[in-house]
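The structure appears below as structure tokens.
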Amino acid sequence: MAGRFPLFTDAHIQQPIVEGLTRRGWDVERAIDVFPERTKDPVLLEYAATSGRVFVTNDSGIIQTVNDWLAAGRSINGMVFWEELIYYDMSAGDFIRSFEALAQEGEPFRVPIRYISKPSK
């Protein structure tokens, strides 16, 4: 089903992206508003999964945690990931447009992990 999906961002997501998504009507919950600093990735992932939110991060360290989670037969609502280095090549608007494009797909998380890449100019 196409449409916006609720998001859960970890501390690695820059505030301009969170603010831009929120201004455009996205339901965004930040880990820092729910948990103390340095909460471990498995706890954040569990929260996102049980609260029906798509996990959003650019922390490459969590990829193995998510893969282990999925291999154990556990499900997630989805994950949006991008390499931290592309943040410097993309504007907050580029990221927001990527989320809007995902929302237009019929089943954006048929593949549980979606990667945002630098748009071609």
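Read-outs throughout are calculated quantities, based only on the coordinates presented, and are distinct from any laboratory measurement. Bear in mind the structure is a predicted one, so any value in this text is a computation, not a measurement. Virtual Cβ from ideal backbone geometry, glycine too; neighbours counted across all protein chains shown.
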Once the dipole of the chain is set up from charges on Cβ (+1 Lys and Arg, -1 Asp and Glu), the residue from the list Phe55, Ile32, His12 lying farthest towards its positive end is Phe55
For the pair Gln14/Leu70, report the inter-label distance in nm, with labels modelled 7 Å from Cα in the Cβ direction. 2.7
Order of Val56, Val34, Val111, Val66 under a 10 Å beta carbon neighbour criterion, fewest first: Val111, Val34, Val66, Val56
Of Ala101, Ala92, Ala31, the most mobile residue in a GNM of the chain (C-alpha springs, cutoff 10 Å) is Ala101
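Summing Lys, Arg as +1 and Asp, Glu as -1, what charge do residues with Cβ under 13 Å from the Cβ of Tyr88 carry, Tyr88 excluded?
Numbers: positive: Lys118; negative: Glu83, Glu84, Asp89, Asp94.
So the surrounding residues net to -3.
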With charges only on Cβ, +1 for K and R and -1 for D and E, what is the dipole size of segment 27-95 about its Cα centre, in debye, rounded to 20? 300
Within a 10 angstrom radius of the beta carbon, how do Glu84, Glu29 rank from fewest other beta carbons to most? Glu84, Glu29
Please go through segment 64-111 and write out the trypsin sites (Lys or Arg not before Pro) that DSSP classes as loop and that have at most 11 other C-beta atoms within 10 Å. Arg110
Rg/Rh of segment 7-114 (Cα atoms, Kirkwood Rh), to two decimals, equals 0.93
